[in-house]
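Report on the structure given below.
Every number in this text was worked out from the coordinates using simple rules, so none of it is lab data. All figures in this text were calculated on a predicted structure; none of them were measured in a lab. All Cβ positions, glycine included, derive from the backbone under ideal geometry; neighbour counts span all protein chains shown.
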Amino acid sequence: MRYDVAIIGAGADGLAAAALLARAGRRVVLLERAPQAGGRCVTSEFVPGFLVSPYADTVPSPPAPLLPLLGLTHLLEDFAPVGADIMRRRGRALARVLEAALAPAPQSLWQRLKATLFVQDERPWPGADWADQSIAALRAHAGQNDWRTALAGRAIDPELNGSAMALFAAPQSRVRRGGVGAAGAALQAAALKAGAELRLEAEVAEILLLRSGAGGVLLADGTRLEAEAVISTLDFKRTFLALFRWSDLPPGVLRAAGAWRMSQGRARLLLALAAPPGFSKPIFVSAGEEALSQFRHGVPPSAPAMLVDPVSARDPSLAPDGGAVVTLTLSGIPPRLFDGDWTQEKRETLLARALERLAPLKLPRLVGAATVLPADVEQALGLSGGDLDGGELAPDQMLSFRPGARTAVPGLYLAGPSSAAGPLGLGVAGLTAALALMADLSARSGR
């Protein structure tokens, strides 16, 4: 079967790209290996009556100026507000990313989109002032790591104080109701309404290469789908090292993909409680002295850094009357252990150690629990090492050092968390890839 665009992955980025391209009249197929769309933006029942988003409690909120392109101007209402300074600085970075994606487009297309996408005084690149102010603010937070500290974002490794990683630790937002699955459902509805075709349990085994570049995909069941262009929402490493025959790749691509570093693994412990806990805001628990060494040696951590988030305190729809849901996001979790896989016994030990460290909080009776490890995330979402960030957010792997939407393979566009647009907002990487593709098509036709 032949399409204009084949999109690998029906997470937020894939759904956003599909909605934009389908609204522009392109024939789009979305290919998702899981039995449901949404990627990290899903909410599911982990204990009867208790719901949670298994992979993340927060996502970068979608930029308001881009939502009209999807017909989703109401989506931002579902997110808790983010600080004005964060929004302003993220908007500047986003403006530069989108400007690069649209660069080949004829001036007429650029002029039509500019009025919708940008506010003129938000376009300059922020430079050093952004880094200085963001790091100073996060140092202030990380310097108060005690049982009463409530952070606005995920757990921040104290060793990252002062590094560029901290730039993207804060601009996160929590969906007001229904977990992050509510945002995923809205994006899926937009893609389907626009006319995109969604295929679930359709795993892509290979990106097909023609003389002119990417020409479609081969599914694991042997189905061949031809397409004028391919958008991959998988991470940079997995896109090139798992979906191509290495001998077919341009020089340098293999080396760059192999050198791409993934971040320390994170685990999620999902707790169903018989009653609400005695706190209503997230609490950060700092790591023990041996945590980093244990991670490097592939040893189950005895005292990892944790962000304890009473998610049902702000979203009662996640728990039955009288109950509560609390998530523990653990940092520095080895994706694979030195002595083999994470067995059920090792999972239970990790949970027991975490609960022991939470003893001062006097949590109510535990009704049930679930453990989501990096290997589970990798299996479910196809992300290398289970890394939701798509790669370590270090100085040489962030902002403009991340891959752009266009790749060295003609006709292949990179969306997803590894791209430069990945950390800048929900679905932004998908929209950027779609806009780059549309700009290239417009440039070819001269319109």
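About its Cα centre, the dipole of region 332-403 is roughly 440 debye, where the only charges are +1 on Lys and Arg Cβ and -1 on Asp and Glu Cβ. Using the Cβ-Cβ distance between residue 223 and residue 394 with R0 = 45 Å, the FRET efficiency computed as 1/(1 + (r/R0)^6) comes to roughly 0.70. Note on residue 444 and residue 361: the extension gain reaches 23.7 nm, defined as 0.36 nm multiplied by sequence separation minus the Cα-Cα distance.
Potential lengthening of the chain between residue 246 and residue 103 amounts to 48.5 nm, from the contour at 0.36 nm per residue minus the alpha-carbon distance.
Available extension along the chain between residue 45 and residue 296 is 87.0 nm, counting 0.36 nm per residue and deducting the alpha carbon span. With the cut-off at under 19 Å, measuring from each backbone N in region 415-431 to a point 7 Å along the Cα-to-Cβ line of residue 401 picks out 417-424.
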